[in-house]
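The values are calculated or read from the model by the stated rules, or taken from the named source; none is laboratory data. Just so it is clear, the model here is predicted, and its values are computed rather than measured. Virtual Cβ from ideal backbone geometry, glycine too; neighbours counted across all protein chains shown.
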Amino acid sequence: MPDLILALDVLSREEALSVAEAAAPHLDAIKIGYPLVLAAGLDIAAPLSEFGIPLIADFKVADIPNTNSLIAQQVFAAGFFAIICQGFCGSDSVAACVEAADDAGGECYVVAEMSHPGALEFLSGKNAELLAQMAVDAGAHGIIAPATRPERVQTLRAIIGDKKILSPGVGAQGGDPETIAPLIDGMIVGRSIYTAEDPAEAARTYARFRR
Ligand code: C5P
């Protein structure tokens with residue numbers, strides 16, 4: 001059963017710290033992406049680190065290898081434990097993120113398939129399976145795969161073996177935690193926790209599906 005990862009897509013430092021503090025006892029990691037970093041700066045990682053929970057940088061990095069390296073180095077220097085990159089730029093671009101993660105003693109995850117309806121246009125099916133295989137070959141620590149499509153998670157699991165699957169899409173996007181939990185290593189939950197009237201209670205509810 002999976003770790004619980006909070007997708008902290010709030011738009012101010014104050015709200016980020018308040019939600020993180022409330023939910024922290026029930027979390028295994030906090031995922032931060034462009035919404036919070038653009039609103040509050042990359043150095044939001046410093047106060048969030050004080051909760052003692054690993055931070056995942058969801059920048060879906062998608063550039064040439066040199067630029068990916070520079071981005072990943074900034075991420076790890078800021079105190080993040082893991083980075084998420086896209087795979088569609090190719091194996092050399094992914095390898096650059098994996099190398100930066102390895103140098104920092106951290107982890108790198110590759111988006112194999114996304115959770116929203118539009119993902120079916122490009123980032124799904126055979127393409128997702130090729131991306132998952134490439135993530136394994138590049139030495140990534142795991143992939144991102146959609147909680148909204150458990151059957152796809154099973155297909156991707158057959159490709160990646162015991163590499164980790166972190167899975168967004170539970171709650172607000174319609175994914176069912178009970179169905180997806182046995183198939184994945186990390187359950188990513190955003191709005192269903194941070195917009196809840198009581199984020200601590202919401203986090204506790206999802207934490208029931210943890211290992
Ligand atoms: O609010 P919600 O629980 O839908 O948040 C899901 C989080 O996971 C968001 O931060 C979103 O950007 C991210 N994500 C996703 N689907 C992917 C990869 C990341 O929903 N395939």
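Out of the residues in the range 180-211 that are over 18 Å from Met114 (Cβ atoms), part of a helix (DSSP H, G or I) and of a type in the set (Val, Ile, Thr), which is farthest from the ligand (Cβ to nearest atom)? Per the criteria, the residue is Thr205.
Could you say whether any residue in the range 143-154 is assigned to a helix (DSSP H, G or I), closer than 24 Å to Ala62 by Cβ and either within 10 Å of the ligand (Cβ to nearest atom) or at pLDDT 95 or above (or both)? Yes, there is a match, as at least one residue in the range 143-154 is assigned to a helix (DSSP H, G or I), closer than 24 Å to Ala62 by Cβ and either within 10 Å of the ligand (Cβ to nearest atom) or at pLDDT 95 or above (or both).
For the range 41-67, name all the residues that are in a loop (DSSP other than H, G, I, E, B) and touching a Leu at 6+ places or on another chain (Cβ under 7 Å).
Ile53
Looking across the range 161-179, the residues that are within 15 Å of the ligand (Cβ to nearest atom) and either of a type in the set (S, T, N, Q) or free of Cβ contacts under 8 Å to residues at least 60 places away in the same chain (or both) come down to Lys164, Ile165, Ser167, Gly169, Val170, Gly171, Ala172, Gln173, Gly174, Asp176, Pro177. The residues of the range 111-148 that are farther than 22 Å from Val189 by Cα and β-branched (Val, Ile, Thr) amount to a single one, Val136. Counting the residues of the range 81-92 that are surrounded by 24 or more Cβ atoms within 10 Å (Cβ to Cβ) and either part of a helix (DSSP H, G or I) or not hydrophobic (A, V, I, L, M, F, W, C) (or both) gives 1. Evaluated against (1) in a helix (DSSP H, G or I); (2) under 24 Å from Ser69 (Cβ atoms), Gly139 falls short on exactly one condition, (1).
Based on this model, can you work out whether Leu130 counts as more than 9 Å from the ligand (Cβ to nearest atom), more than 22 Å from Phe80 (Cβ to Cβ) and in contact with a strand residue (DSSP E or B) (Cβ under 7 Å, 6 or more places away or on another chain)? So Leu130 does not fit the description; no.
Quick one: which of Leu70, Leu38, Leu11, Leu6 is part of a helix (DSSP H, G or I), within 16 Å of the ligand (Cβ to nearest atom) and either at pLDDT 95 or above or not hydrophobic (A, V, I, L, M, F, W, C) (or both)?
Going through Leu70, Leu38, Leu11, Leu6 in turn, the sole match is Leu38.
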